[in-house]
Amino acid sequence: MEVDITGARVFFTIHTNIPILGDLQISETLVVSWLVLILITGLCIWLTRDLKTENISKRQAVAEMLVETANNFVIGNMGESFRYFVPFVAALFSTSVVSNLISLVGLRSPTADLSTEAAWAVIVFILITRQKIKTGGVGGYLKGFTQPIPVLTPFNILSELATPVSMACRHFGNILSGIVINALIYAALAVASSALLGLIPGIVGRVLAQIPILDFGIPAILSVYFDWFTGVMQAYIFCMLTTLYIANAAEA
């Protein structure tokens, strides 16, 4: 197995003796995404074990609270007729949150790769288009691009295509900016630590100057906003836009 580092992306090249597959390249984003899915699946299995109708456990109470929250979110934004979207929106939110917060343990967040958000946005775009066709038929969907006047058709098409692009780029930009800012903070504090401790005369100063003491504590406090708050908020916004766009498509 070889590791090829190109910029900020890491690829694992597995040489296999099976000529049908050839060289298989697996990106870091894909590996961490698999890990996220395994974590979420394991958590769901653990929360839903030994379900009861009476004398429920705290674990089951948490599971029921999460389900009720997802139901209220989807039904509140889309209406009772869209209850069947609850599993999709819940899966989208949980995947986004875990993907955003997994950077806290030192792994590169899958949402720092535009391809992740792009895949989610394409799925949402397909659901929006499906709902518009279901509501007005294929003819009604195509006619909508000519409203209010036919001359605006090209702009309406661009507006339609801009929906998944804006959703993906908004989520990606906020998560990536948080990662970049955290990296810059770490680097700046390391330089400041070296400069300050280097003022201590003698060998003690030279030894301490090699230890980024200021990197302890301060970045952790800042990550409460850049990782926790921003990560959860971006997942919430993405799911909110998903429900609103699909609900609006049903009214078109």
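The values are calculated or read from the model by the stated rules, or taken from the named source; none is laboratory data. If you're wondering where the values come from, they're calculated on a predicted model, not measured in any experiment. Heads up, the Cβs are rebuilt from the backbone with ideal geometry, glycines too, and the neighbour counts pull from every protein chain shown. Heads up: the accessible areas ignore ligands, DNA and RNA and are worked out on the full protein's heavy atoms, side chains in. Shrake-Rupley method; radii C 1.70, N 1.55, O 1.52, S 1.80 Å.
Diffusion coefficient (Stokes-Einstein, Kirkwood radius over C-alpha pairs, 25 °C, 0.890 mPa s) for segment 103-157: 179 µm²/s, rounded to a whole number. Taking amide H positions as modeled 1.01 Å from N, with prolines and chain starts lacking one, no residue 5 or more places away or on another chain lies under 5 Å from Arg108. Solvent-accessible area per residue in segment 92-209 equals 53 Å², computed with a 1.4 angstrom probe and all protein chains kept. Using r as the Cβ-Cβ distance of Leu43 and Arg83, and R0 as 25 Å, what FRET efficiency do you calculate, to the nearest 0.05? My answer for the efficiency is 0.60. Across segment 239-248, coupling constants 3J(HN,Hα) worked out from phi with the 6.51/-1.76/1.60 Karplus curve, θ = phi - 60°, read 5, 4, 4, 4, 5, 5, 5, 5, 5, 5 Hz, and Gly and Pro carry x. Computed over protein heavy atoms with a 1.4 Å probe, the carbon and sulfur contribution to the accessible area of segment 19-152 reaches 69%. Compute log10 of I(q)/I(0) for segment 59-176 with the Debye formula, placing one identical point scatterer on every Cα and leaving out solvent, at q = 0.22 Å⁻¹, to two decimals. So the normalised log intensities work out to -1.24.
Karplus-derived 3J(HN,Hα) values for segment 102-114, using 6.51 cos²θ - 1.76 cosθ + 1.60 with θ = phi - 60°, are 5, 5, 5, 9, x, 8, 6, 5, x, 6, 7, 10, 4 Hz; glycine and proline are entered as x. What separates the Cα centres of segment 83-105 and segment 23-61 is a distance of 11 Å. Electrostatic bookkeeping for His171 treats Lys and Arg as +1 and Asp and Glu as -1; over the other residues with beta carbon under 15 Å from its beta carbon, the sum is -2.
Counting Lys and Arg as +1 and Asp and Glu as -1 over every other residue whose Cβ lies under 15 Å from the Cβ of Ser96, the net charge comes to -2. Sorting 47-55, 129-137, 240-248 by their mean Cβ neighbour count within 10 Å, with the most densely packed peptide first, gives 240-248, 129-137, 47-55. Taken about its Cα centre, segment 79-155 carries a charge dipole of about 260 debye when Lys and Arg each add +1 at the Cβ and Asp and Glu each add -1 at the Cβ.
Straight-line reach only, C-alpha to C-alpha below 30 angstrom: list the lysines that Lys134 could link to, leaving out same-chain residues fewer than 8 apart. Output for Lys134: Lys143. Here the Karplus curve 6.51 cos²θ - 1.76 cosθ + 1.60, taken at θ = phi - 60°, turns the phi angles of segment 127-142 into couplings of 5, 5, 5, 4, 5, 5, 5, 5, 7, x, x, 4, x, x, 5, 5 Hz, with x standing for Gly and Pro.
Within segment 237-252, whose backbone N sits under 17 Å from a point 7 Å along Cα→Cβ of Thr146? So the set is empty, nothing qualifies.
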